[in-house]
Amino acid sequence: MSNDAVKVIAITSGKGGVGKTNLAINLGVAFSEMNRRTVLLDANLGMANVTPFLGLDPLFTLKDVLSARRTVEQVMVEGPGGMKIVPAAMGLRDMANLSSIEHAGIIHAFNPLADQIDTLLIDTEAGVSNTSLNFLCAAQEVTIVMSDEPSSLVHTHALISLLSKTHNIPRFHIVVSNTHNIATAHTVFKRLNNACSRCLEASLHYIGAIPHDEQVTDSVQSNQPILMRSPESKPAAAIRSIAEKLDQLPAKYNPRGHLEFFFERLLSASGYR
């Protein structure tokens, strides 16, 4: 891929505990397996998700980028499968509440990466914090992870409603995780789609379900993506299928398809001009 066709995919959820970060990490492995130069940005800026999940203890984080002590390239760490990870800070409240100018600092710091990335994955915070909304509004594609529990359906509908009505995001890719029954996952998506179609103009696309499997728990406890610990498992196959569907989405060669424009949109979303 050329850098004018960088895919910027945000992974989010309406509530925590549905496997969002797990999916983001495993998608990073899957894209790397497809020879995509992949960077995973941990956008839970004040309470890192990705590196603790993998048992990594990075020397530097985005906090060091903001303070101009390090460049983005210097804080990136090698992740599983060959992807690169941009780590967030751990337990720093000020990182969770960045000013517009600080958002701009992150944006400008990423400029040198424009010709080094095929796929940029963004693991956002769950829910609707301002920082999470900024990243979601700036990304090309928004993937929402939900479970088949009723509370997850409610939170997902609320998130889509906000993003569609208030922020004009036109389409969403839905993944149902940790489901005991694939037919149930289809039913949950159908309920969500029916609820959204009654009052929203957004389009929802079901791109897969990840089956419940104790091997997922084992992989989490071992700090390994399931695609590497249990590559032949059903959850691993499901995640590869999801990655292939996302990879096959048409590249956007208009400005919204450029990595640079992603960061311009992030600037705009954070209120900085």
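Of the residues in the range 79-89, at least one is aliphatic (A, V, I, L, M), in contact with a Lys or Arg (Cβ under 7 Å, 6 or more places away or on another chain) and surrounded by 21 or more Cβ atoms within 10 Å (Cβ to Cβ). Determine if the range 150-166 includes at least one residue that is in contact with an Asp or Glu (Cβ under 8 Å, 6 or more places away or on another chain) and of a type outside the set (Val, Ile, Thr). Yes; the residues of the range 150-166 include at least one that is in contact with an Asp or Glu (Cβ under 8 Å, 6 or more places away or on another chain) and of a type outside the set (Val, Ile, Thr). For the condition modelled with pLDDT of 95 or more and touching a strand residue (DSSP E or B) at 6+ places or on another chain (Cβ under 7 Å), residue 246 qualifies. For the range 216-239, the set of residues classified as touching a Lys or Arg at 6+ places or on another chain (Cβ under 8 Å) and crowded, with 17+ Cβ neighbours inside 10 Å consists of 219, 227, listed by residue number.
Suppose the filter is surrounded by fewer than 24 Cβ atoms within 10 Å (Cβ to Cβ) and in contact (Cβ under 8 Å) with a residue 60 or more places away in the chain; does residue 76 pass it? It is false that residue 76 is surrounded by fewer than 24 Cβ atoms within 10 Å (Cβ to Cβ) and in contact (Cβ under 8 Å) with a residue 60 or more places away in the chain. State which residue pairs qualify: first residue free of Cβ contacts under 8 Å to residues at least 60 places away in the same chain and inside the range 153-179, second residue part of a helix (DSSP H, G or I) and surrounded by fewer than 15 Cβ atoms within 10 Å (Cβ to Cβ) in any location, beta carbons under 7 Å apart, and separation of 6 or more residues or different chains. Partner pairs satisfying both residue conditions: 153/191.
For residue 192, state whether it is under 18 Å from the mean Cα position of the chain (by Cα), surrounded by 17 or more Cβ atoms within 10 Å (Cβ to Cβ) and in a helix (DSSP H, G or I). Here the answer is no, as residue 192 does not meet what is asked. Pairs linking a residue in the range 80-91 that is on the phi > 0 side of the Ramachandran plot to a residue that is assigned to a strand (DSSP E or B), with Cβ atoms under 7 Å and 6 or more positions apart or on different chains, are 91/47. Kindly check whether there is at least one residue in the range 12-33 that is under 11 Å from the mean Cα position of the chain (by Cα), in contact (Cβ under 8 Å) with a residue 60 or more places away in the chain, crowded, with 24+ Cβ neighbours inside 10 Å and not in a helix (DSSP H, G or I). Checked the range 12-33: at least one residue is under 11 Å from the mean Cα position of the chain (by Cα), in contact (Cβ under 8 Å) with a residue 60 or more places away in the chain, crowded, with 24+ Cβ neighbours inside 10 Å and not in a helix (DSSP H, G or I). Being over 25 Å from residue 133 (Cβ atoms) and of a type in the set (S, T, N, Q) is the filter; apply it to the range 39-91 and report the residue that is modelled with the highest pLDDT. Checking each candidate, the answer is 74.
Got a sec? Which of 219, 161 is of a type in the set (S, T, N, Q) and closer than 23 Å to residue 136 by Cα? Going through 219, 161 in turn, the sole match is 161.
Among the residues of the range 147-155, is there at least one that is closer than 16 Å to residue 18 by Cα, touching a helix residue (DSSP H, G or I) at 6+ places or on another chain (Cβ under 7 Å), among the hydroxyl-bearing types (Ser, Thr, Tyr) and modelled with pLDDT of 95 or more? Looking for residues that are closer than 16 Å to residue 18 by Cα, touching a helix residue (DSSP H, G or I) at 6+ places or on another chain (Cβ under 7 Å), among the hydroxyl-bearing types (Ser, Thr, Tyr) and modelled with pLDDT of 95 or more, one finds none in the range 147-155, hence no. Scanning the range 196-206 for residues that are of a type in the set (Gly, Ala, Ser) and either under 23 Å from the mean Cα position of the chain (by Cα) or at pLDDT 95 or above (or both) turns up 202, 203. Scanning the range 38-73 for residues that are in a loop (DSSP other than H, G, I, E, B) and surrounded by fewer than 16 Cβ atoms within 10 Å (Cβ to Cβ) turns up 55, 57, 59, 67, 68, 69, 71.
The values are calculated or read from the model by the stated rules, or taken from the named source; none is laboratory data. No experiment lies behind these values; they were computed from the predicted model shown. Glycine also receives a Cβ, built like all others from the backbone with ideal geometry; neighbour counts cover every protein chain displayed.
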